[in-house]
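K.L.:
So that we are looking at the same thing, I have put the structure below in structure tokens.
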Amino acid sequence: MSLPTTVLSPTTTVLIVNGYTIESGADLRDADLRDADLSGADLANTDLANADLSGAKLANAELPGANLPGANLPGANLANADLSGVNLTGANLTNADLSGANLRYANLRYANLRYANLRYANLSGANLSGADLANANLGGATMPDGTIRP
């Protein structure tokens, strides 16, 4: 993995990671971003379908409206990330840290959330149909129906 390069322009900050331009709305389908440090990055409306983000650091990242169906995110750190309205259909989030994440209206159909940390995550209005939540930590999480887990 190469170290990220930061390119500054008058209007935005762009990261270059493993040869990929990381910015809001980018087409990163099938990208290899394993172990990438994208903490705090603006990835709103980015297409990350089938991307490999295993072990990636996405804490505090902005991903509202992002497209991640089939994405591979085992062990990824998405703590306090904004994932509102994201499409994570069939994504692998095994052992991912989603503590405090905003997942309002996220599509998590058939997602693998085994052993994921969802403490204090906001899942209001999220679609969890067919999702595997075995051994996931949901303490304090706001569930799709608005109830809060003890």
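What follows draws every value from the coordinates through simple rules; no lab data is involved. Nothing here was measured: the structure is a model prediction, and the numbers come from that model. Here Cβ is always computed from backbone atoms with ideal geometry, including for glycine, and neighbour counts include all displayed protein chains.
K.L.:
Ranked by Cβ crowding within 10 angstrom, fewest neighbours first, how are Ile148, Ile16 ordered? Walk me through the numbers on the way to the answer.
P.N.:
Numbers: Ile148 12, Ile16 15.
Fewest-to-most Cβ neighbours within 10 Å comes out as Ile148, Ile16.
K.L.:
Tally the DSSP beta bridges in the chain and give the antiparallel ones as a percent, rounded to 5.
P.N.:
Given both bridge residues lie in the chain, the antiparallel proportion sits at roughly 30 percent.
K.L.:
Just for the Cα atoms in the chain, what are the lengths along the principal axes, largest first, rounded to whole Å?
P.N.:
Principal extents (Cα only, largest first): 44, 26, 19 Å.
K.L.:
Taking θ = phi - 60°, what integer Hz values does the Karplus form 6.51 cos²θ - 1.76 cosθ + 1.60 yield along segment 143-148, in sequence order, with x for Gly and Pro?
P.N.:
7, x, 8, x, 6, 10
K.L.:
Quick one: length gained pulling Asn50 to Ile16 fully straight, 0.36 nm per residue minus the C-alpha distance?
P.N.:
Stretched fully, the Asn50-Ile16 segment lengthens by 10.3 nm.
K.L.:
Okay, moving on. Say each of Asp30 and Thr147 gets a label point 7 Å from the Cα, pointing the same way as Cα to Cβ; how far apart are those two points in nm?
P.N.:
That separation, rounded to one decimal, is 4.4 nm.
K.L.:
What ranking, highest mean first, results for peptides 133-139, 48-54, 72-78 when packing means the other Cβ atoms within 10 Å averaged over each residue?
P.N.:
Top to bottom by mean Cβ count within 10 Å: 72-78, 48-54, 133-139.
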